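First up is the structure itself, then whatever we jot down about it.
The values are calculated or read from the model by the stated rules, or taken from the named source; none is laboratory data. Quantities reported herein were computed from a predicted structural model and do not represent experimental measurements. For neighbour counting, all protein chains shown are included, and Cβ atoms are generated from backbone atoms with ideal geometry for every residue, glycine included.
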Amino acid sequence: MADNDTKDLASDARKYWSADGYTRGGVVREVDYASQSGGLNPALKGIKIVDCDTHVTEAPDLFTARAAAKFKDKVPQVRRVNDVDRWFVGDRDFGSMGGNVIRKDNNKLLGRLAFPTLDEAHPGGHQVKPRLQAMDDMGVYAQICYHNSGVTQAGSLMSLGDNELAIEIIKMYNDASVDRQKESGDRLFTMAHLPLWDKAAMDKEARRCIDMGLKGFVLPDTPERVGVPSYMRDYWDDFLDLCNDTGTPINFHLNAAMDPTALTWDGFAFEQTLSVVATMFSIGNVATLGNWMVSGRLDKHTKLKIGLIESGLGWIPFAVEALEHQFNEMLPSKTGMLHRRPWEYFRDHFWCTYWFESIGPKLLLETIGVDKVLFETDFPHPTSLYPGVQAHIMDTLGGYDDSVRKKVLETNAVKLYNLPF
Amino acid sequence: MTEEPEDVVRAAADRVIQLEEEVEASGVAAVDGSELAHARAALHAWVDAMTGVVVSPGLGRVTIIHGDGRRSSIASATLPYLMSKPIGGRS
């Protein structure tokens, strides 16, 4: 190997694979915003579109504005390092502020995860008023929102060595979500986070979130990866009973359990790696679907509602059929525990979302079930449908009657998340 | 009934081997005696030769960087915490 090759390898290895996604670069796509953002298509009149996967950037003062005096100096704060805004807890780097590729002037950045600094990006990424305006322009009535940065990741918080602070950070995040929901007039519904590593605190915070009016939780597929008991353990019984009994959904946003560097080839530029990794993270929810179906959990919690988010739908018939085959060929010993078949588990427990796909919603909707499919945009992430939301909806659902469109765009989400409209 | 520690270790090793057999790969387990001592020595030497490390507790992952820039990933639910300093520093 040539010396230069070795030096390149050494340089590449010293940063996480996605670090380039937050550096300057990429290509800006000039967007004809006015012609593509005129609100709800008249053909969809009477439908309140619920966009079931979007991201809200944690505002720089989210924690400092809510922290009690004893935590003021300890909670996450944003610092600019090498021209990139990043979260810090003390001297610990907690990562970037998350993806937002919509520029202040409504043009879209391609080939990167975000603008390096918050002030370059669309303010709707983290502020309610411009967010609602963007939604009105897209013809979207309400959004289900997820985190944007990793500042509340369980493993990172567990590594702080300060359990009280870690739990407080989660609670402040959830408090901010309640505030956002109210400020938006019940149009922005953020999925709650939990202190997964502390059962008593987790169960208590889950109850608090439901009582405060939050509409669901987001969970990791494999908590054991960061040292939290598996969903197979009784550690989760009380929480899952609570979700089951209150009709509160749990959501799995992608499945990023796999190691991106194990999937892609050495020598790829960032854009090449991301293209493969983003696809695999979406399809990774095959594992989430399978884990729940073979676990026996769904026979204990028979009303549990599970959202498979930002993972599309084209793969679902294959995955469920593959699991049907596995039930026949591999699982006869578990027939006493698994009382239903994969398609039955799917229809009783799971919902999926689609955004960029055309083939899936056009050809597979009735196979998957018109009651099981939700729509999403992934705003303001790199893969987001932006702008042109209405055109894509009409392309994919234009061939269906009004009742199907209303289910996919509104009422399936309203029922899943118990939305107040 | 509680399993003996050596049974737990053997069961864990067997499970790894069984799963690898699904893709026709064979793993060699060392759970005691000189084979385990040899494995430990080789692993110590390998770790001692590393030139960098990335600790990612949020992902349950530690990435070892070798002298030529190549990387090795260790997925672990415990190692990232052992390697993370509590905020405020560790004495």
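Only residues that are among the small types (G, A, S) and under 19 Å from A:L196 (Cβ atoms) were counted across region B:50-91, and they come to 7.
May I ask you to verify whether A:I144 is crowded, with 18+ Cβ neighbours inside 10 Å and either within 14 Å of chain B (Cβ to nearest Cβ) or in contact with a Leu (Cβ under 6 Å, 6 or more places away or on another chain) (or both)? Criteria not met by A:I144. Within region A:329-377, the set of residues being among the acidic types (D, E) and assigned to a loop (DSSP other than H, G, I, E, B) comprises A:E357, A:D371, A:E376.
Out of the residues in region A:103-113 meeting the condition of being touching a Pro at 6+ places or on another chain (Cβ under 9 Å) and at negative phi, tell me which one is modelled with the lowest pLDDT. Don't jump to the end; show me each part of the working.
So in region A:103-113, the residues touching a Pro at 6+ places or on another chain (Cβ under 9 Å) come out as A:104, A:106, A:108-113.
Narrowing the set further to residues that are at negative phi leaves A:104, A:108-110, A:112-113.
Numbers: A:K104: 92, A:K108: 90, A:L109: 89, A:L110: 87, A:R112: 82, A:L113: 85.
For region A:103-113, the residue satisfying everything is A:R112.
What about A:T23, is it among the β-branched types (V, I, T) and modelled with pLDDT under 95? Taking the combined requirement at face value, the residue satisfies it.
Please go through region A:55-87 and pick out each residue that is of a type in the set (A, V, I, L, M, F, W, C), surrounded by fewer than 17 Cβ atoms within 10 Å (Cβ to Cβ) and part of a strand (DSSP E or B). Explain how you work it out, then say what you get.
Filtering region A:55-87 down to residues of a type in the set (A, V, I, L, M, F, W, C) leaves A:56, A:59, A:62-63, A:65, A:67-69, A:71, A:75, A:78, A:81, A:84, A:87.
Next, from what is left, pick out any that are surrounded by fewer than 17 Cβ atoms within 10 Å (Cβ to Cβ): A:65, A:68-69, A:81.
The answer is A:V81, and nothing else.
The residues on offer are A:V226, A:V218, and the sole one that is of a type outside the set (G, A, S) and either at pLDDT below 95 or more than 16 Å from the chain's Cα centre (by Cα) (or both) is A:V226. Counting only residues that are crowded, with 24+ Cβ neighbours inside 10 Å and among the β-branched types (V, I, T), region A:369-384 holds 2 of them.
Flag: A:D221 matches the condition of being within 14 Å of chain B (Cβ to nearest Cβ), of a type in the set (D, E) and in contact with a Ser or Thr (Cβ under 9 Å, 6 or more places away or on another chain). When residues in region A:55-72 are screened for being closer than 21 Å to A:D378 by Cα and small (G, A, S), 1 of them pass. Just wondering, is there one or more residues in region A:178-195 that are free of Cβ contacts under 8 Å to residues at least 60 places away in the same chain, farther than 28 Å from B:T78 by Cβ, outside any helix (DSSP H, G or I) and of a type outside the set (S, T, N, Q)? Scanning region A:178-195 turns up at least one residue that is free of Cβ contacts under 8 Å to residues at least 60 places away in the same chain, farther than 28 Å from B:T78 by Cβ, outside any helix (DSSP H, G or I) and of a type outside the set (S, T, N, Q).
Can you say whether A:L397 is more than 18 Å from A:F252 (Cβ to Cβ), buried (at least 20 other Cβ atoms within 10 Å of the Cβ) and at pLDDT 95 or above, as far as the supplied structure shows? Please lay out each step first, then the result.
On the way: more than 18 Å from A:F252 (Cβ to Cβ): yes; buried (at least 20 other Cβ atoms within 10 Å of the Cβ): yes; at pLDDT 95 or above: yes.
Judged against the criteria, A:L397 is a match.
The rows are residues; the columns are (1) closer than 23 Å to A:Y400 by Cα; (2) buried (at least 22 other Cβ atoms within 10 Å of the Cβ).
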site: A:L274; (1), (2): no, yes
site: A:A287; (1), (2): no, no
site: A:M293; (1), (2): no, yes
site: A:A322; (1), (2): no, no
site: A:W355; (1), (2): yes, yes
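The residues of region A:64-85 that are within 15 Å of A:T152 (Cα to Cα) and within 14 Å of chain B (Cβ to nearest Cβ), listed by number, are A:K74, A:V75, A:P76, A:Q77. With respect to (1) within 14 Å of another protein chain (Cβ to nearest Cβ); (2) farther than 15 Å from A:E58 by Cα, the lone exception for A:I169 is condition (2).
So which residues in region A:152-166 are more than 7 Å from chain B (Cβ to nearest Cβ) and either more than 18 Å from A:A257 (Cα to Cα) or charged (D, E, K, R) (or both), if there are any at all?
From region A:152-166, those more than 7 Å from chain B (Cβ to nearest Cβ) are A:152, A:154, A:157, A:163-166; that's our starting set.
Across region A:152-166, the qualifying residues are A:N163, A:E164, A:L165, A:A166.
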